[in-house]
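Read-outs throughout are calculated quantities, based only on the coordinates presented, and are distinct from any laboratory measurement. Quick caveat: nothing in here was measured; it's all calculated off a predicted structure. FYI the Cβ positions are ideal-geometry reconstructions off the backbone, even for glycines, and counts take in every protein chain you see.
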2 protein chains.
Amino acid sequence: MAQIKPRTLSGFMELLPARQVQFDRMVDILRKSYALYGFTPLDTPAVEAAEVLLAKGGGETEKQIYRFQKGDTDLALRFDLTVPLAKYVALHQNELTFPFRRFQIAKVYRGERAQKGRYREFYQADIDVIGDGALDIINEAEIPAIIYKTFTALGLHRFKIRLNNRKVLNGLFAVLGLEAQAGDVMRTIDKLEKIGSDKVKAILVDDFAVPAEAADSLLALLSADDPMAALAPFRGKNELFDQGVAELETVVKYLSAFGVPADHFMVDLTIARGLDYYTGTVYETVMLDHPEVGSICSGGRYDNLAEYYTDKQLPGVGISIGLTRLFSVLEAQGYLNEQLNTAPADVLILPMTEDLSPAISFATALREAGVRAQLHCEQKKFKQKLTYANKLSIPFAAFLGEDEIQQGKVTVKDLTTGQQQALAPEEAVALVRDTLAARAVGSPIQEPQG
Amino acid sequence: MAQIKPRTLSGFMELLPARQVQFDRMVDILRKSYALYGFTPLDTPAVEAAEVLLAKGGGETEKQIYRFQKGDTDLALRFDLTVPLAKYVALHQNELTFPFRRFQIAKVYRGERAQKGRYREFYQADIDVIGDGALDIINEAEIPAIIYKTFTALGLHRFKIRLNNRKVLNGLFAVLGLEAQAGDVMRTIDKLEKIGSDKVKAILVDDFAVPAEAADSLLALLSADDPMAALAPFRGKNELFDQGVAELETVVKYLSAFGVPADHFMVDLTIARGLDYYTGTVYETVMLDHPEVGSICSGGRYDNLAEYYTDKQLPGVGISIGLTRLFSVLEAQGYLNEQLNTAPADVLILPMTEDLSPAISFATALREAGVRAQLHCEQKKFKQKLTYANKLSIPFAAFLGEDEIQQGKVTVKDLTTGQQQALAPEEAVALVRDTLAARAVGSPIQEPQG
């Protein structure tokens, strides 16, 4: 038969079984963590009408989007979870109750040039709180607090959430007379960490006609050790600025109240998060030991979630984890806890008699106790079956031979310790369950000690 | 601003929050049930190279597939989970351990004409066991046993699994001299339930040159009350037939051993499940009270999972639940258990003081006990906040006013009973947790009593 070479597209993550279990374990923790904060799960189509997804249009989005025709319909794959959320909320606004808190963990698609760490299909894990006309500032502090708790639950501790407020930046540009160049200035200061103060100043002054004095003021402020103190002299000159500083102070105060330790967040006035969407607090999150990865969790406050679809004002605040990329970084850096069970089953049962009833009964008893059991009834040698269990890291094997059956017992072998004993089925179930529970400690991420 | 009308494409299911929770609850039970039987979760890309997905090619598939170009690449959305599994196993055959047992619950895409109960994006929930060269017949009995347990766990009881064996059918056609017309005969007898014996006979005889006597034999057999008994006279005439009958007997015997009650399965010789893929046992599952829905769970045994990609022989057996369609049927027929909690949170906390610390502490205590808590800090009247809780069916509200805080208490109101009491925070947590646990009984599906 003519064959096609099997392959998976470049930029599309496809994991081997043990890795998949590790990935799913992270997703489970995210789901549980988000749910504990009162977010409801949402699922929207991966395919939408292209005109709906591209309502905002323009820029990189349009170039990267997977867009295609089916019959007369112009379709596209979603490139984020925010636009589908905007559509959902606009479409169902009369059926939803506000504030509307939803999480969504799902795949999005971007036809970027494939390169290391860039995916064309990847999971985003988003939470958003959407208000109806208004939304209290406290949400802008709760969202990063949830992220703090979520990362901690995953086992990630060495990270820092960086905060800014777009009103501070925009107000500052007004004070410095840079409103006309605001976009260019923002894009330039975004490069501060990469290219340094001197080069940023040169670009600001030479390319964007920023007065040298204004550039100096701005750069001094952006690199201040205590940004809140450095902002103080500018107060009282611009209403938007003052409001932004007040909001930043409030968010910082509440973040502490929400239990985020002081060393896990900082104000960073260089953070802008794009030009035209966020209007208040913005966030980025960096891994302390891997700043080169960039932000692993970003978001912020916006005033109009769905202005392209509805006149209803829907302010909100949200944050997104790029989960596929984060997972690939964790994997590459050896952060995945390899001690946790990744086997497809907890017990491999080897029936050694024609009559399978005792083996099936034992499997049923295990499953009723929540223990994952697999019967191995293939025509293979005993040793091959044990090799199978070892290859898959199945923690226990159970043998049911004539002797065991006659005595109403089952022989359980702990494949980690090599210990083996004949027990009554209910004792065997308890042993396996308790041993597994004792070993199932630790979080999916384990940071190197250092 | 120029606006685009928000819409969701026809044939793409998008649920409101409470329904989504009900859907997710079913998915959770499926995942847990499949995992208990030693299946490992798998996730493959929704987009694949078109030539890979269409390796088999031809027929309805090619017409329905969403296929598109991106750059130079010819892409397509997967239309089932079996072809991606075949690709995965062929591609990773040296890294997998066989028998390979995987489950996958994911969306697939078919650009069918949209009509009631037909979806263009829908979830399939598949399990498959793939052997390396050989696979024991016992798997053909275990798979429907898993389906029995899974449906039962969901709360669905009034269903029947129908079994057949392709070797029986193919052997029978050989005995009756109908090998040349096998495909046509199979398609015709598939209509038996719809159009009746007389019309089927007419088509067989008139259109496909089946001798009247052979047609009578066949029809008598297919409508026999006891199919196994009716098969007996044909034994000893054809090897394939005899093998099929023996397999069917074995599967029936093991099904009982696996605990599937006799009234939940039956041999049905009319079931064929397509022409060119299945080679042994085949399954369909019908809802007793809604036969018009057709099969809600189908599958069977195949000899060559991945013959389009590899020479390696990979026999397997699998079954698939069309989850989106099943859910829409359950919803339409009133089978969803509306008593189970669908709220985004278990407790809505209403802080009534400037200082939020006591409210945040209480929220933290609830979450640590696994109780989902939401702080409601919007600038709204007390009554509006209670209305919010009621609209979302949040089961408890907690008030923290000056009095409560001074006394170190929290007032908890059970919004189901209207009962309200001031309790120490740890007592309040216990009350909420225990009450929720007591109410969280019952399965997601509740069949009408009848």
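Among B:281-290, B:241-250, sorting by the average number of other beta carbon atoms lying within 10 angstrom of each residue, highest first, gives B:281-290, B:241-250.
With R₀ set to 45 Å, the beta-carbon distance separating residue B:80 from residue B:220 gives a calculated FRET efficiency near 0.80. Projecting the Cα positions of A:425, A:407, A:386 onto the charge dipole of the stretch A:347-436 (unit charges on Cβ atoms of Lys, Arg, Asp and Glu, taken about the Cα centre) puts A:386 furthest along the positive direction.
For the stretch B:17-332, the antiparallel share of DSSP beta bridges with both residues in that region comes to about 90%.
Projected label points at residue A:414 and residue B:28, each 7 Å from Cα along the beta carbon direction, are separated by 3.2 nanometres. Of all DSSP-defined beta bridges confined to the protein assembly as shown, some 80% are antiparallel rather than parallel. Shown for A:252, B:441, B:432: other C-beta atoms within 10 Å of each C-beta, ranked fewest to most, produce the order B:441, A:252, B:432. Using only alpha-carbon positions in chain B, the gyration tensor eigenvalues give semi-axes of 52, 25, 21 Å once each is multiplied by 5 and square-rooted (largest first).
Placing dummy labels 7 Å off each Cα toward the beta-carbon, the span from residue A:368 to residue A:61 is 5.5 nm. Among the residues of A:26-33, the average count of other protein chain beta-carbon atoms within 10 Å of the residue beta-carbon is 1. Across peptide A:7-20, the average count of Cβ atoms from other chains found within 10 Å of a residue's Cβ is 6.
Would you work out if the stretch B:1-95 is rounded, prolate or oblate? Take a ≥ b ≥ c from the square roots of the eigenvalues of the alpha-carbon gyration tensor; rounded if a/c is under 1.5, else prolate when a/b is larger than b/c, oblate otherwise. Oblate.
Projected onto their three principal axes, the Cα atoms of the protein assembly as shown cover extents of 100, 60, 53 Å, largest first. Screening chain B for DSSP H helices whose Cα atoms reach 20 Å or more along their own axis and whose mean Kyte hydropathy is at least 0.0 gives B:138-154, B:239-257, B:425-439. In terms of packing, defined here as the mean over residues of other Cβ atoms within 10 angstrom, the peptides A:255-266, A:80-91 line up highest first as A:80-91, A:255-266. Within the stretch B:96-180, the GluC sites (Glu not before Pro) that combine a DSSP coil assignment with at most 15 other C-beta atoms in a 10 angstrom radius are B:112, B:179. The gain in end-to-end length when the residue B:438 to residue B:118 segment is fully stretched comes to 111.4 nm, 0.36 nm per residue minus the alpha carbon separation. Using only helices, what value at 222 nm comes out for the protein assembly as shown when you add -39,500 (n - 2.57) per DSSP H run of length 4 or more and divide by the total residues, to the nearest 500 deg cm²/dmol? Rounded to the nearest 500, the figure is -12000 deg cm²/dmol.
If you model the stretch B:347-439 as an ellipsoid using its alpha carbon gyration tensor, with each semi-axis the square root of five times an eigenvalue, the axes come out at 18, 16, 12 Å, biggest first. Checked against a 27 Å cut-off, the cross-linked pairs A:5/B:70; A:32/A:194; A:63/A:87; B:5/B:380; A:237/B:380; A:149/B:409 give Cα-Cα distances beyond that limit for A:32/A:194; B:5/B:380; A:237/B:380.
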